[in-house]
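What follows is one structure encoded as structure tokens, with my remarks underneath.
The values are calculated or read from the model by the stated rules, or taken from the named source; none is laboratory data. Model, not experiment: these values are computed from the prediction. Don't worry about glycine lacking a Cβ; one is built from the backbone with ideal geometry, like all the others, and counts go over all protein chains shown. Please note that ligands, DNA and RNA were not included when accessible areas were found on the heavy atoms of the full protein model with its side chains. Shrake-Rupley method; radii C 1.70, N 1.55, O 1.52, S 1.80 Å.
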Amino acid sequence: MGNRRKRTVIAGNWKMNMTPAQAKELVSQIYSKVKGRKACDIVVCVPFVDIPVVASMVKGSIIKVGAQNVHYEKSGAFTGEISADMLKECGVQYVIVGHSERRQYFGETDKTVNLRTLAALEAGLRVIVCVGETLADRESDITREVVARQTKLALENVTAEQMKNVIIAYEPVWAIGTGKTATNEQANEVCGIIRQVVADKYGKVLAKSTVIQYGGSMNAKNAEGLLSMNHIDGGLIGGASLKPDDFAAIVLAAQE
Ligand code: 13P
């Protein structure tokens, strides 16, 4: 990835797909296609029940395991929830927080996104914080305000040291699972706004090294263009991450 100046992270978000047996098969196919590629970080964010099998398969390899959510309390009477320590002990290194599907269907708010982020960072996990505007926001021309606000609130009380373990994924809600991708310029513009929010809070140096991903119908065809933009340091990939050839092609595009 000679012409990129910093770390690139390609993460697959499998969402609610793949039983443990299917996960085993998918990871072995992905691994066979990406092994030997070192220039970008590769993460698969899998359903909780797939974590043990995937973690044991990728241990010590270039593929890292991520979860798709985490609770903000350390333990206790929170039926159905999973703590950051539980994830850590199972070999998880990354966790997605505040995905728009969590915000849309499961009552996730900017406040709970912030609490989850803090709990995960405290446990030593890397966090992929998702932000993004809806179609109505974009049509009302408030994308900048919405994304800046979500970013600021997610990062409340996050220290500069902890910020080194935070990735921000810009995922316009209208582009998720729709086949509609933001143009390279649209995506880059909003990733630039996010970087400015980080710079205002943590300074330019940290903002420059912060990984900002684009997510929303990224695929084998459009990845190279998106990843060539100066503010886009990786991708958070849904549908295409379930197809080994497509996911590997995106990893390859990140190295070009
Ligand atoms: P798609 O790539 O399927 O649009 O999903 C994007 C996403 O939500 C990743 O978190």
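Structure above, values below:
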quantity: Neighbour net charge for LYS15 - beta-carbon separation under 13 angstrom, K R +1, D E -1; calculated: -2
quantity: Rough spin-label spacing in nm, given labels placed 7 Å along Cα→Cβ, for THR19 and TYR105; calculated: 2.0 nm
quantity: Accessible surface, per residue, of the stretch 1-106 when the full set of protein chains is kept, probe 1.4 Å, Å²; calculated: 52 Å²
quantity: Alpha-carbon radius of gyration plus Dmax, which is the widest Cα pair, for the stretch 1-145 in Å; calculated: 16.4, 50
quantity: Order of exposure, largest accessible area first, which applies to PHE48, PHE247 with probe 1.4 Å; calculated: PHE48, PHE247
quantity: Order of exposure, largest accessible area first, which applies to SER228, SER83 with probe 1.4 Å; calculated: SER228, SER83
quantity: Cα point-scatterer Debye curve for the stretch 9-48, base-10 log of I(q)/I(0) at q = 0.14, 0.26, 0.34 Å⁻¹; calculated: -0.32, -0.95, -1.21
quantity: Contact order normalised by residue count of the chain, Cα under 8 Å, 6+ apart, percent; calculated: 22 percent
quantity: Options THR112, GLN93, THR178, ranked by Cα towards positive dipole end of the chain, top entry (Cβ charges); calculated: GLN93
quantity: Inter-site label distance for GLN29 and ALA160 at 7 Å from Cα along Cβ, in nm; calculated: 4.6 nm
quantity: Length released on extending from LEU153 to ASN230, taking residue separation times 0.36 nm less the Cα-Cα span; calculated: 25.3 nm
quantity: Residues with amide H under 5 Å from that of ARG126, placed H, sequence gap 5 or more; calculated: TYR94, VAL95
quantity: For the stretch 20-28, 3J(HN,Hα) per residue [Karplus equation, 6.51 cos²θ - 1.76 cosθ + 1.60, θ = phi - 60°, Hz, x = Gly/Pro]; calculated: x, 5, 5, 4, 4, 5, 5, 5, 5
quantity: Only Lys, Arg (+1) and Asp, Glu (-1) charged, at Cβ; the chain dipole about Cα centre in debye; calculated: 780 debye
quantity: Distance between the stretch 142-211 and the stretch 85-139 - C-alpha centres, whole angstrom; calculated: 13 Å
quantity: Net charge contributed by nearby residues that have their C-beta within less than 12 Å of ALA154 (K/R +1, D/E -1); calculated: +3
